[in-house]
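These notes are about the structure you will find just below.
The values are calculated or read from the model by the stated rules, or taken from the named source; none is laboratory data. Given the structure is predicted, the values throughout are model-derived calculations rather than measurements. Reconstructed Cβ throughout: ideal geometry from the backbone, glycine too, with neighbour counts over all protein chains shown.
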């Protein structure tokens, strides 16, 4: 299976912003963007960013979103092509499709501390959708789907702190930390995606 092997913190430094690839660590002083917010490969302590051309700005926005969600180029392009054929703003439809990925839903529900960990949880078969085990991170959820941690895996050490805790999540999702199951109440909207993304730049890049 293809995957990104570049260190997580290096990816954040390359994009010049926090991508929250390491979960809670990204909110502490240990975060690389707090300790060394410079582009990888550059020496010195300068925090000045390189001035990009129009194409460079568009490319960096695309790379930022790809890295944020852990998606490789071929699959990311497929999300764009499908969004072009759907009624509505192409950029928004693309982001909504990506938000509906099972690994992202697992992350949004608080089951995974980062999207990377959430993807591993799904890959290892620890998640069920409507009672059936699903180990495909790109699986697209639908309204009414019930997402849960597999019953015989709920005692796993990684879910110990999740039991009975309070999780802040988007309004289109619900999750009961006692039963360790949640539901897709509605489809996500652009307003539900609180990350700083300029999707129009990505549309402009692919439209060249």
task = Considering (1) out of contact with any strand residue (DSSP E or B) (no Cβ under 8 Å at 6 or more places or on another chain); (2) farther than 19 Å from residue 184 by Cβ; (3) in the same structural domain as residue 153 (by TED's automatic domain parsing); (4) not in a helix (DSSP H, G or I), say which one residue 125 fails and leave the rest.
result = (1)
Which listed residue is free of Cβ contacts under 8 Å to residues at least 24 places away in the same chain, under 21 Å from the mean Cα position of the chain (by Cα) and loosely packed, with under 15 Cβ neighbours inside 10 Å, from 142, 166 = 166
query = Would it be correct to say that residue 68 is at pLDDT below 90, out of contact with any strand residue (DSSP E or B) (no Cβ under 9 Å at 6 or more places or on another chain) and either assigned to a loop (DSSP other than H, G, I, E, B) or closer than 16 Å to residue 202 by Cα (or both)?
reply = yes
